[in-house]
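The values are calculated or read from the model by the stated rules, or taken from the named source; none is laboratory data. Quick caveat, the model's predicted, so the values are computed rather than measured. Quick reminder, even Gly has a Cβ in these numbers, built from the backbone with ideal geometry, and neighbours come from all protein chains shown.
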Amino acid sequence: VLRKQLKASHTLLKHEGIKTAPQPTKSLVVANGGLGNGVSREELSAALREMGAMESLVMPPHKPYSFVTYRCEEDALKAHTQLNGQKLQCGENSIVLYLSYIDSVNHQEEVSVTLPQGLVLVEDFVSTEEEAHLLAAVDWSSTNEDVSGSAQKALKHRRVKHYGFEFCYDNNNVDKDKPLPACLPGECLPVLERCLRHGHINVMPDQLTVNQYESGQGIPPHVDTHSAFEDTILSLSLGAKAVMEFRHPDGRVVAVVLPSRSLLVMKGESRYLWTHGITPRKFDLVPACESQSAALTFPDLRTQSGLTLSKRGTRTSFTFRKIRHERCRCAFPSACDSQRTTSPPPTSPPSLPCCRADAARLEKEYVHRVYDAIASHFSSTRHSPWPRVCHFLSSLAPGSMLADVGCGNGKYLGVNHQLVAVSV
């Protein structure tokens, strides 16, 4: 035990700059007893509290050691005598602890952290009953593009199912001309209506991606393609909590704990500029006290004492998005696929189409796109027939054939009832 304790002390001094003390003090460094090697705060604290009254327990993230300070040297001496070289049961594993005295614990409390701009986390957004109904609505036993009209894939790190439109991972986009046969599950409607009432969204989403993560699975950091979806993205976490990491291009990192049944709303900068992802692992670093802020940054985590390990369970996320039908004009052109250009814009004026393919592209861009944008209100604003068209229709002989191609709301079909009218 003494040989291994000396080796642990030498390693701490060499790699961490932590110098142990030869005489008893109130503070001890607990080698092998850290978050970095699978020891949770609850497990270690339970063993240390049996030795006496503790003032503090500091567990730096990702480190295989921790610091404990007792109220008196006698309690620290008791902990050193009874726990040094002893095994601590941590779940299915047992870990041998090595304790050494230190003069003091250099620790700075964590500075409060703000979420990325535009990011909102709403805890307990759905009830446990709604959670059960939503999870039951997803049939994972079906195959790709089955009779349910959804698209399902088994990716390397998770299972995925799409509704409304399929997200293609080969080009990180959606085929807007190929909607899936089935729309979003009906169980989602009450949740989305609540999002509308609370102002989290302005329009109903028409695309849903369901991801299911087993313990140890995750998703790489990414920004949802600007040209594919509108501004607001909703992510509903069900089944288990997880930590999602947001990264800014300047290097800032914010880790956000997503509790089960919580709703994450991404708008503006958090949606367009920050990447978000889930690191594949079986344990997450989370605040030891549930009342602490959900947001933590990794630089500040190095001085965070109130952390513990949380074992991951099976998490299912419902990500709701609205398909974008026009170019993205966000305020972040450096990250926008619609605004990035690989070559300088042409200086010559636009020319007439030189072939059928050019004409078709021109029509799709400047005719179809406009009609798609105004279709929802076109009928209600075009209710009065034009007088000259009515005069023409009234002048036709009874029994004449009328073909109204592209009749819209059919406002001209009833002008002359003596005509044989056909509309498309």
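Just a yes or no: is a residue in region 326-337 at pLDDT 85 or above, assigned to a loop (DSSP other than H, G, I, E, B) and within 26 Å of P64 (Cα to Cα)? Scanning region 326-337 turns up no residue that is at pLDDT 85 or above, assigned to a loop (DSSP other than H, G, I, E, B) and within 26 Å of P64 (Cα to Cα).
Among the residues examined, H276 qualifies as buried (at least 22 other Cβ atoms within 10 Å of the Cβ) and modelled with pLDDT of 95 or more. With respect to the conditions (1) touching a Phe, Trp or Tyr at 6+ places or on another chain (Cβ under 6 Å); (2) under 18 Å from K19 (Cα atoms), V68 lacks only one, and its number is (1). Considering (1) buried (at least 19 other Cβ atoms within 10 Å of the Cβ); (2) at pLDDT below 90; (3) not in a helix (DSSP H, G or I); (4) not small (G, A, S), the lone condition that H62 does not fulfil carries the number (1). Whenever a residue of region 349-372 is surrounded by 12 or more Cβ atoms within 10 Å (Cβ to Cβ), its partners that are aliphatic (A, V, I, L, M) and at pLDDT 75 or above, lying with C-beta atoms within less than 6 angstrom and at least six residues away or across chains, give the pairs P353/A359; P353/L362. Applying the condition of being farther than 15 Å from E55 by Cα and modelled with pLDDT of 90 or more to region 20-29 and asking which residue is surrounded by the most Cβ atoms within 10 Å (Cβ to Cβ) yields P24. Do we find a residue being surrounded by 15 or more Cβ atoms within 10 Å (Cβ to Cβ), part of a helix (DSSP H, G or I), in contact with a helix residue (DSSP H, G or I) (Cβ under 8 Å, 6 or more places away or on another chain) and modelled with pLDDT of 95 or more anywhere in region 101-121? No, every residue in region 101-121 fails to be surrounded by 15 or more Cβ atoms within 10 Å (Cβ to Cβ), part of a helix (DSSP H, G or I), in contact with a helix residue (DSSP H, G or I) (Cβ under 8 Å, 6 or more places away or on another chain) and modelled with pLDDT of 95 or more.
When we screen L2, L83, L6 for residues that are among the hydrophobic types (A, V, I, L, M, F, W, C) and either under 42 Å from the mean Cα position of the chain (by Cα) or surrounded by 18 or more Cβ atoms within 10 Å (Cβ to Cβ) (or both), the only hit is L83. Residue by residue through region 225-256, note down the ones that are modelled with pLDDT of 95 or more and of a type in the set (D, E, K, R). Residues satisfying the conditions are E230, D231. Checking L57, L134, L44 one by one, the residue that is buried (at least 20 other Cβ atoms within 10 Å of the Cβ), in contact with a Phe, Trp or Tyr (Cβ under 9 Å, 6 or more places away or on another chain), modelled with pLDDT under 95 and not in a loop (DSSP other than H, G, I, E, B) is L57 and no other.
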